[in-house]
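Below is one structure, written out as structure tokens; comments come after it.
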Amino acid sequence: MSAKTSDDIRSTVADLLPGIRRDLEDLVRIESVSADPARASEVQRSAEAVAELFRAEKFASVDIVSADGGAPAVIAHKPGPEGAPTVLLYAHHDVQPENDHADWDSAPFEPTERDSASGRRLFARGAADDKAGIAAHLGALRVFGDDLPVNVTMFIEGEEEVGSETLPALLREHHEALRADVIVIADSGNWDIGVPALTTSLRGLVRVDVEVRTLTHAVHSGMWGGLVPDALMALSRLIATLHDDEGNVAVEGLHSGPAAEVTYPEERLRAESGACAQTHWIGSGSVVERLWTKPSLSITGLDAPKVEGASNTLVPAARARISMRIAPGDTTASAEAALHRHLEAHVPWGAQLTATTTDTGEATRIEADGPAYDAARAAFAEAWDGTEPVDMGVGGSIPFIAEFLEAFPEASVLVTGVEDPDTRAHGANEGLHLGEFTKVVLAESFLLRNLGA
């Protein structure tokens, strides 16, 4: 066990934070947008920068790897005491596209500190998701220097933001190098400013593109309207069958489950969701059940003629993208089949239906019991000055967590993170709450110490 006391760790983190932040800002300035082929060299440069940070910490081995033509990842090892557990620390160095720069209050790849409603933040693409995860791991390691309480493996992925397509191949090819007793995945968030969390469930994803066709070609709406249905009418009726009158998903065969007893105040819920004051919530059950452990279904795209300039014709074909989140305990195979059955059974007026699954990702449910989780909860409570962590669900999907659970069934998987409800990851003005980041570094340092015991 490390000889460092809690006070030693707090003092060391305070001394190290300026350097950790400089390294984070240097990483943020690299435009490692994995979805943009034109910036593939930036993704490579990002991997090289991460590798250099590990070499500076005297890791015994540092390798940049890839599989099946995928983006570069970094795997590095640093030994601790003989017989100590091995801890794998995961984060990713690729980031989402920044989209329209006009939506940002400062340049998206120039880290900028300024006030927010909840405190000082560092704004930039990747400042939180997930280069701050890399920085938090580095900070915890620097607390101990060459006197680590555990053996550490760093795994920094380079294509998480585009679906981790080659991650299964990386896990297979480097299985022994990545084997660990405890896996810490720093790609989630905390319940609120001042309230830490362990993420113990995430919904899965089934994305389907639906096309409805009623005509071989457009025809005059006056000549044929009232007899021939247009495709937009048919698609609208089909979409309307996907929810009941309360707004619950009406697709038969989907799984639902209970959620943790966590109160989500109305004022906070409306502020964080961006819902208009007059908008009613949909569905039934508790708020967190609807967000975490029940299926949801949204229409995220629609192909149809624009209103401006629309011709006076019946539209022959229309398309929509259905994004369905599935509850922990369900499988993508079962949910996908249920959605396709529903669409086929409810397409109106004999319209021709084409439904194509474009993307899937498994849901995750973690049984967060045992010594590693006890060590994590104690570390979080200490870092947040006595505030116990919440076992939190996430309505979104991180499919690769299920892949880690499958690849390393003997490991304890801890899903942590640096984000908070106002981080705005993936959106304009993404920001890292600096006060919470300090606590994240403290918590991971306490965690490594506790695991070393």
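With every protein chain in place and a 1.4 angstrom probe, the accessible-area ranking of LYS58, LYS78, LYS306, largest first, reads LYS306, LYS58, LYS78. Take SER311: with every protein chain present and a 1.4 Å probe, its accessible area is about 80 Å². Rounded to the nearest 10 degrees, the angle from helix 6-28 to the longest Cα principal axis of the chain is 50 degrees. Dividing the alpha-carbon radius of gyration of the stretch 402-453 by the rule-of-thumb value 2.2 N^0.38 Å gives 1.48. For ALA250, the residues whose amide H sits under 5 Å from its own are HIS243, ASP244, ignoring neighbours fewer than 5 places away on the same chain, with H placed 1.01 Å from N.
For the set ARG237, ARG179, the ranking by accessible area, highest first and with no ligand, DNA or RNA atoms included, is ARG237, ARG179 under a 1.4 Å probe. Relative to the longest principal axis of the Cα atoms of the chain, the long axis of helix 332-346 lies at roughly 10 degrees.
Dipole size of the chain about its Cα centre, with +1 on Lys/Arg Cβ and -1 on Asp/Glu Cβ: approximately 600 debye, rounded to the nearest 20. For LYS78, go through the lysines and keep the ones whose alpha-carbon is under 25 Å away, minus same-chain ones fewer than eight residues off. Of all the lysines, those that pass the test against LYS78 - Cα under 25 Å, at least 8 places apart if same chain - are LYS4, LYS58, LYS131, LYS439.
Here the chain exposes an accessible surface that is 50 percent carbon and sulfur, computed with a 1.4 Å probe and the other protein chains kept in place.
Which whole number in µm²/s is D for the chain by Stokes-Einstein, with the Kirkwood Rh taken over Cα pairs at 20 °C and 1.002 mPa s? Don't jump to the answer; show the numbers that get you there.
Details: Rh = 23.6 Å.
In µm²/s, the coefficient rounds to 91.
For the stretch 336-453, taking Cα atoms only, Rg and Dmax work out to 20.3, 67 Å respectively. A dipole drawn for the stretch 106-215 from +1 and -1 charges on Cβ atoms has a positive end, and of THR153, ALA127, HIS137 the residue lying farthest that way is ALA127. In whole angstrom, how far apart do the alpha carbon centroids of the stretch 292-366 and the stretch 235-269 sit? Value for the Cα centre distance between the two parts: 15 Å. Out of every Cα-Cα pair that the stretch 266-415 contains, those further apart than 27 angstrom amount to 47 percent.
For the set SER236, SER334, the ranking by accessible area, highest first and with no ligand, DNA or RNA atoms included, is SER236, SER334 under a 1.4 Å probe. Here the alpha carbons of the stretch 29-170 define both size measures, Rg and Dmax, at 16.2, 54 Å. With no solvent and one point on each alpha carbon, what is the Debye value of log10 I(q)/I(0) for the stretch 256-333 at q = 0.11, 0.12, 0.18, 0.26 Å⁻¹? Here log10 of I(q) over I(0) equals -0.49, -0.56, -0.90, -1.27. Taking all protein chains together and rolling a 1.4 Å probe, THR357 ends up with roughly 40 Å² accessible. LEU232 exposes around 50 Å² of accessible area when a 1.4 Å probe is run over every protein chain in place.
Around the amide H of SER412, modelled in the peptide plane, lie the amide H atoms of VAL182, ILE183, all under 5 Å away and 5 or more residues distant in sequence or on another chain.
Summed over the residues of the stretch 87-236 and divided among them, the accessible surface reaches 33 Å² per residue at a probe radius of 1.4 Å.
When the helices in the chain are scored as -39500 (n - 2.57) per DSSP H run of 4 or longer and the sum is shared across all residues, what 222 nm value do you end up with, to the nearest 500 deg cm²/dmol?
Rounded to the nearest 500, the figure is -9500 deg cm²/dmol.
Projecting the Cα atoms of MET233, THR112, THR364 onto the charge dipole of the chain, computed from C-beta unit charges around the Cα centre, puts MET233 farthest toward the positive end. Using every pair of separate Cα atoms, the Kirkwood estimate puts the hydrodynamic radius of the stretch 308-369 at 14.8 angstrom. Separation of the stretch 81-111 and the stretch 398-453, taken as the distance between their Cα centroids, equals 11 angstrom.
The values are calculated or read from the model by the stated rules, or taken from the named source; none is laboratory data. None of these values were measured; they are calculated from a predicted model. We place every Cβ from the backbone using ideal geometry, glycine too, and count neighbours over all the protein chains shown. Remember, those area values only see protein heavy atoms, side chains included, never the ligands or the DNA or RNA. Shrake-Rupley method; radii C 1.70, N 1.55, O 1.52, S 1.80 Å.
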